[in-house]
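Read through the structure below, which is laid out as structure tokens, and then see the notes.
Values in this text are rule-based calculations from the coordinates and carry no lab data. Model, not experiment: these values are computed from the prediction. In this analysis, Cβ positions are derived from the backbone assuming ideal geometry, glycine residues included, and neighbour counts consider all displayed protein chains.
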Amino acid sequence: MPKPITVMAFDYGTRRVGVAVGNSVTGTGQALKTIVAPNSDSLYKEVENLLKEWQPERLVVGKPLHPDGAEHEMTLKAVRFGNQLHGRFQLEVEWVDERYTSAVLEGDAQMQDNLDAHSAALLLEQYFSELAAKVAIKNVE
């Protein structure tokens with residue numbers, strides 16, 4: 001059984017960044033907040049404060065793709081964001097396909113106020129599911 005870890009997830013957008021946190025024991029994500037920052041310095045300062053508070057061992061960033069899996073302009077921006085997180089904070093960054101996370105939540109009226117943070121929580125839960133599947137496969141081999 002792998003060591004339990006705390007993971008912070010980000011649903012990156014050019015105007016808003018959703019943030020969630022969770023751990024591998026429960027496999028669930030908790031929506032923390034949506035960051036609306038006027039510039040990248042403010043954004044990374046808020047991220048730094050959250051990292052100090054929650055002290056995750058790993059980060060997850062949603063990777064937006066077209067329905068057919070092709071990359072687009074936001075894919076490159078999200079990848080750049082994840083690479084900058086890694087460079088600034090020296091934490092491992094994992095990527096999760098986020099094609100349908102916002103669509104899953106859009107019909108839920110309770111989620112609308114903090115949609116981006118709830119999307120980040122879904123990304124985190126998807127990450128934990130994929131991690132558990134990898135562990136199960138290794139145990140079978």
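Extending 7 Å from the Cα toward the beta-carbon at both GLU73 and GLU92 defines two label points whose distance is 3.4 nm.
In straight-distance terms, cross-link reach from LYS52 covers every one of the lysines whose alpha-carbon lies under 22 Å from its own, apart from those fewer than eight places away in the same chain; here that gives LYS3, LYS33.
The alpha carbon gyration tensor of the stretch 29-90 gives principal lengths a ≥ b ≥ c with a/c of 1.5 or higher and a/b greater than b/c, which makes the shape prolate. Sorted on the mean count of surrounding Cβ atoms within 10 Å across their residues, most packed first, peptides 37-45, 85-93, 52-60 read 52-60, 85-93, 37-45.
Overall dimensions of the stretch 6-140, expressed as equivalent-ellipsoid semi-axes from the Cα gyration tensor (√(5λ), whole Å, largest first), are 21, 18, 16. Annotation for the stretch 35-90 versus the stretch 5-22: alpha-carbon center distance of 7 Å.
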